[in-house]
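S.K.: Okay, handing you the structure first.
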Amino acid sequence: MAAPENILILGFGINNAPLLPYWVARGARVTVADRNESVVDPAATAVRWTVGPSYVEQAQACGPYDRIYLTPGIPPHHPDVQRLAAGAVLTCETDLFLALCPAPVLGITGSAGKTTTTTLLGAMLAEDGRRPVHVGGNIGRSLFAIVEAIQPGDWVAMELSSFQLQLVTKSPAGAAVLNLSPNHLDHHRDMGEYAAAKARIFQFQSPDDFLVTDAVPPPLMAAALARHRGQRVTVSLTAPVEQGAYLEGGTMMWRPEPGRAALPIQTLDRWRLPGRMNVHNALVAMSLALRAGARPEAVAAALAAFRGVPHRLELVAEQGGIRYINDSIATAPDRTLAALDALGNASGGGRPRPLVLVAGGYDKHLDYGPLGRALAERARMVALTGPTGPDIARAISAAVAPGSGPRLLGPLPFDDAVQAALEAAEPGDIVLLSPASASYDAFRNFEERGQRFRTLVACHLGP
């Protein structure tokens, strides 16, 4: 009789906790290692818990391991991981989910827009009558927790981060890469590693699988795309494509095959989300849904009904001629630049509304130069917070003559920065939370940060 597998679950959070009952039920010897001592479940007596400041040393004493499931937040190249991984298969929950899931998986990755696109895709599949549709992944719900309940006739719409993809050896049947811009360079060693992680969403596809990308994909994806074995569907905001989705005038079009006539799917006047990035997200979602066999009328209905996702250019309130917008999802400069574009385009073609911005947060070692130049022209005031506040201030100051440009305040604690912005706003302004930075300096996640902004706005406006 073979010895039971020795499994290490390294990091015990949303993305790794469901692995525990799965492996215990299969008779494996399971060790859970986490710095946080509160993860220990006293009822799980068959599990070895190695927790606290010395969790790595404790875990090492329980090895060697056959498999190590790494939580997405820890880089695989971290010295502690490499020490523990000697002789073991280093893998992740996402890879096991893709191997076990009996239903077709449609996966979406990119530097920005993943949650909006994945949520919209789920709505399209549901509108088409494809029930049940399971939506999750990086959105915040671990799909592995329900993998044994998923049936072959179900559908899965899955958001996938670079962290979740970095160790996979299997790709979804349908995949999409939305975009690629600098992000998470505190986790990835460089942009090449970041792009390589994203490319794993299609790297292991078969000739029967398909991939949705821009007609002109990011240069860092070129080598991986040259080796891609699946079928390719493209999207474009500027020109027709041979197979895929594109914008023609004010209509989203779909060409199912090369040489076939394109079908009008939905007009922009029935699409409620602002900005070119959101139109691009819509084209990608409809490409995935239609290529997977959804009916065009169902896709059109889902596009017309979609109202967006919280914390993504979310209109919190409008009072006294001032609009208050929560874009806490903007955890990198490109997201804030996209917000500026969207709000500029939403101004009716005239001069954009004056902007009072709250920006700054946790430092992911990103370049704020382009954002500084944009804010120098677009913002009336910027209230800064967090470790990146000074970086954003320097980028703005470098783009303007001394004594000119937007008024800069801070860096201040988050609540004080928001309060300063609220008090500075005048009729006709937009007060925008779009931090261009992660939230971990002051909050557990961007959702908590966005909710705090909502609360502060509500208190400022009163009943």
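S.K.: Hey, can you tell me all the residues within the stretch 1-37 that are within 15 Å of Asp95 (Cβ to Cβ) and in a helix (DSSP H, G or I)?
M.R.: Scanning the stretch 1-37 gives Leu19, Tyr22, Trp23.
S.K.: Now a separate question. Go through the stretch 28-53 and count every residue that is over 12 Å from Leu10 (Cα atoms) and of a type in the set (S, T, N, Q).
M.R.: The qualifying residues number 2.
S.K.: Let me ask something additional. Looking at the stretch 167-195, which of its residues are in contact with a Pro (Cβ under 8 Å, 6 or more places away or on another chain), closer than 18 Å to Ala223 by Cβ and at pLDDT 95 or above?
M.R.: Val177
Listed here are the residues, each with its yes/no results for (1) modelled with pLDDT of 95 or more; (2) in contact with a helix residue (DSSP H, G or I) (Cβ under 6 Å, 6 or more places away or on another chain); (3) among the hydrophobic types (A, V, I, L, M, F, W, C).
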site: Ser236; (1), (2), (3): yes, no, no
site: Ala239; (1), (2), (3): yes, no, yes
site: Gln243; (1), (2), (3): yes, no, no
site: Glu248; (1), (2), (3): yes, no, no
site: Trp254; (1), (2), (3): yes, yes, yes
site: Pro258; (1), (2), (3): yes, no, no
site: Gln266; (1), (2), (3): yes, yes, no
site: Gly275; (1), (2), (3): no, yes, no
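S.K.: In the stretch 402-427, which residues are at pLDDT 95 or above and in contact with a Gly (Cβ under 6 Å, 6 or more places away or on another chain)?
M.R.: Of everything in the stretch 402-427, those that are at pLDDT 95 or above and in contact with a Gly (Cβ under 6 Å, 6 or more places away or on another chain) turn out to be Pro411, Ala417, Pro427.
S.K.: In addition: Anything in the stretch 15-40 that is touching a residue at least 60 places away in the same chain (Cβ under 8 Å) and either among the small types (Gly, Ala, Ser) or assigned by TED's automatic domain parsing to the domain that holds Leu143 (or both)? List them, or say none.
M.R.: Ala17
S.K.: (1) of a type in the set (Val, Ile, Thr); (2) farther than 17 Å from Asp441 by Cβ; (3) not in a helix (DSSP H, G or I): which one isn't true of Ile396, the others all being true?
M.R.: Every condition holds for Ile396 apart from (3).
S.K.: Give the residues of the stretch 158-172 that are farther than 20 Å from Asp214 by Cβ and out of contact with any strand residue (DSSP E or B) (no Cβ under 6 Å at 6 or more places or on another chain), sorted by residue number.
M.R.: Phe163, Gln164, Gln166, Val168, Thr169, Lys170, listed by residue number.
Here is a yes/no grid of residues against (1) of a type in the set (Gly, Ala, Ser); (2) touching a Leu at 6+ places or on another chain (Cβ under 7 Å); (3) in contact (Cβ under 8 Å) with a residue 40 or more places away in the chain; (4) not assigned by TED's automatic domain parsing to the domain that holds Lys364:
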position: Ala398; (1), (2), (3), (4): yes, no, no, no
position: Pro413; (1), (2), (3), (4): no, no, no, no
position: Ala420; (1), (2), (3), (4): yes, yes, no, no
position: Ala424; (1), (2), (3), (4): yes, no, yes, no
position: Ile430; (1), (2), (3), (4): no, yes, yes, no
position: Ala436; (1), (2), (3), (4): yes, yes, yes, no
position: Arg444; (1), (2), (3), (4): no, no, no, no
position: Glu447; (1), (2), (3), (4): no, no, yes, no
position: Phe453; (1), (2), (3), (4): no, yes, yes, no
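S.K.: Determine whether the stretch 400-407 contains at least one residue that is surrounded by 14 or more Cβ atoms within 10 Å (Cβ to Cβ), touching a residue at least 60 places away in the same chain (Cβ under 8 Å) and of a type in the set (A, V, I, L, M, F, W, C).
M.R.: Scanning the stretch 400-407 turns up no residue that is surrounded by 14 or more Cβ atoms within 10 Å (Cβ to Cβ), touching a residue at least 60 places away in the same chain (Cβ under 8 Å) and of a type in the set (A, V, I, L, M, F, W, C).
S.K.: For Leu84, work out the one condition from (1) surrounded by 18 or more Cβ atoms within 10 Å (Cβ to Cβ); (2) under 30 Å from Pro152 (Cβ atoms); (3) among the hydrophobic types (A, V, I, L, M, F, W, C) it doesn't fulfil.
M.R.: So the condition that Leu84 fails would be (2).
S.K.: Determine which member of the set Ala379, Ala398, Ala442 is of a type in the set (A, V, I, L, M) and closer than 17 Å to Val356 by Cα.
M.R.: Ala379
S.K.: Please give the strands (runs of 3 or more DSSP E) falling wholly within the stretch 50-145 in which 2 or more residues are more than 23 Å from the chain's Cα centre (by Cα) and at pLDDT 95 or above.
M.R.: Here the list reads 67-70, 89-91.
The values are calculated or read from the model by the stated rules, or taken from the named source; none is laboratory data. As the structure is a computational prediction, the values presented were derived from the model and not from experiment. So basically every Cβ, Gly included, is an ideal-geometry build from the backbone, and we count neighbours across all protein chains shown.
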